[in-house]
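> Quick one: the structure is below, questions incoming.
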Amino acid sequence: MSLDHEVVHLFKEQVFPLSDKLTEMLNEHYSHQTERRGCGYTQATRVLAEFINFPRDVVEATDLKIFKDYDFKKLKKIIDQKNLYGLDIEDWHNLDHNPSLRDFLTTAKNDEFKELVEQEILIQENLRKVSQQAQLEESKVICSMLEDVILPKTAQETGFTEIQTLSEKPKVGSCPMAETFFLKIAHGSMLRQGSINIFVDEQNRPLLIEKMNMGDNHSCINLQPLIMNGIRIPIGSLFSVDYDIEQIEDKTPNQKFKGYIIPYKAIQGFWFLRLTTLAISPENRKRAFTTHFEQQVKNGLFSPDTTLLKQLNDVAISQLSALSFG
């Protein structure tokens, strides 16, 4: 029986082996189950941040670092020889959806180049299916994010709101206890000096909730799925943001708590940090986040085992005035 995490096993069997770093993290090597790191699953989502916060590069092989020793020379050969074969390739991502490659394969003679194209397309096709093959909730989440590193999506095709990335990471931490105040807020409990800001879309739906004067300022959790640099971000992800509230004219005071309703487009950008434990439903949370979750329970966080993201969303919605809905 395989001792590998389901994601590690699926990639090895169906797509291409994940990098040693991601494999070690997802397999919950003890070195990642520390007080600072939380658990390997959490760490793996921090590694994904290294891809999510930067645009996909159409030429370089940076994104292939999610894999173990992927041979970029083969992909490069396809791109270098595209003109010889009359192929229209601007980007090696999403090759399996490239119409000119599809046409080429139906008519091309069997040679080494055709074989090369077929191999690369097969890997991307298998990657596109891997999240559906996962059984575990937490595996589906990670598989989708890994998929999008190589097969980026658009706001148009997903219907998700696209958010911009800041040019550099703000000084906001992502320690395993970062959920502390969000769990309290979800239950309507707030420090006296604390406030929350709600970033809303054009329809005044809450996209993210931000906390201020409670632990690290400017940390927020998304309440709707988002897209950043082509990667789908599941609800319950931790972001940081950097802006000056005084500079934002288009803001409305909250109904109940201190803080404001702010259009997300008034914000220059966000920075993805990691998944929070709220990203996974309560019944699977302990299995997904292992020592990270145990640490939250041991440290007496507010109902980390039962709190739902919906509660945080309800708090956000209750801050909107009736006028917001026109």
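> What accessible area per residue comes out for the chain, rounded to a whole number of Å², with a 1.4 Å probe?
Accessible area per residue, the chain: 48 Å².
> Can I ask one more? Probe 1.4 Å, all protein chains in place: accessible area of Glu118 in Å², nearest 10?
80 Å²
> Which entry is the computed mean projected area of the Cα convex hull in nm² for this structure: (i) 18.7; (ii) 20.9; (iii) 17.6?
Label (i) holds the value from this structure.
> Putting +1 on Lys and Arg Cβ atoms and -1 on Asp and Glu Cβ atoms, find which of Gln124, Leu146, Gly38 reaches farthest to the positive end of the dipole of region 1-152.
The residue sitting most towards the positive pole is Gly38.
> Check Ser237: other-chain or 5+ apart residues with amide H under 5 Å from its amide H, H built from backbone geometry?
Here the answer is Asn222, Thr276, since their amide H atoms fall under 5 Å of that of Ser237.
> Taking amide H atoms as placed 1.01 Å from N in the peptide plane, list the residues 5 or more away in sequence, or in a different chain, whose amide H sits under 5 Å from that of Gly38.
Counting only residues 5 or more places away or on other chains, the set is empty.
> Rank-order 228-234, 132-138 by packing density, defined as the average count of other C-beta atoms within 10 Å over each peptide's residues, highest first.
Highest to lowest by the protection proxy: 228-234, 132-138.
> Using helices alone, I'd like the mean residue ellipticity at 222 nm for the chain: each DSSP H run of four-plus residues gives -39500 (n - 2.57), total over residue count, nearest 500.
That calculation yields -11000 deg cm²/dmol at 222 nm.
> If I take the Cα coordinates of region 144-241 and project them onto the principal axes, what are the three extents in Å, biggest first?
Between the extreme Cα coordinates on each principal axis of region 144-241 lie 44, 29, 23 Å.
> Determine the distance separating the Cα centre of region 232-305 from the Cα centre of region 25-76; give it in Å without decimals.
First find each Cα centre; the distance between them is then 22 Å.
> For the chain, list the DSSP H helices whose alpha carbon atoms reach 15 Å or more along the long axis and whose average Kyte-Doolittle value is -0.5 or above?
Flagged H segments are 40-52, 137-150, 309-319.
> Could you check how much of the accessible area of region 26-92 is carbon and sulfur, as a whole percent, using a 1.4 Å probe?
50 percent
> Let me ask you something else. If I ignore ligands, DNA and RNA and count only protein heavy atoms, how much of Glu283 is accessible to a 1.4 Å probe, in Å² to the nearest 10?
Roll a 1.4 Å probe over it and Glu283 shows about 140 Å².
> Over the C-alpha atoms of region 153-325, what are the Rg and the largest Cα-to-Cα span, Dmax, in Å?
When restricted to the Cα atoms of region 153-325, Rg and Dmax are 15.3, 44 Å.
> Show me 103-110, 269-276, 24-31 ranked by packing, highest mean number of other Cβ atoms within 10 Å first.
Ranked from most to least packed, the peptides come out as 269-276, 24-31, 103-110.
> Let me ask something else. How many angstrom lie between the Cα centre of region 121-182 and the Cα centre of region 188-226?
Answer, in whole Å: 20.
> Given Cβ point charges of +1 (Lys, Arg) and -1 (Asp, Glu) and nothing else, what value in debye, to the nearest 20, does the dipole of the chain about its Cα centre take?
980 debye
The values are calculated or read from the model by the stated rules, or taken from the named source; none is laboratory data. These figures come from a predicted structure and were not determined experimentally. Don't worry about glycine lacking a Cβ; one is built from the backbone with ideal geometry, like all the others, and counts go over all protein chains shown. For accessibility, only protein heavy atoms count, side chains too; no ligands or nucleic acids. Shrake-Rupley method; radii C 1.70, N 1.55, O 1.52, S 1.80 Å.
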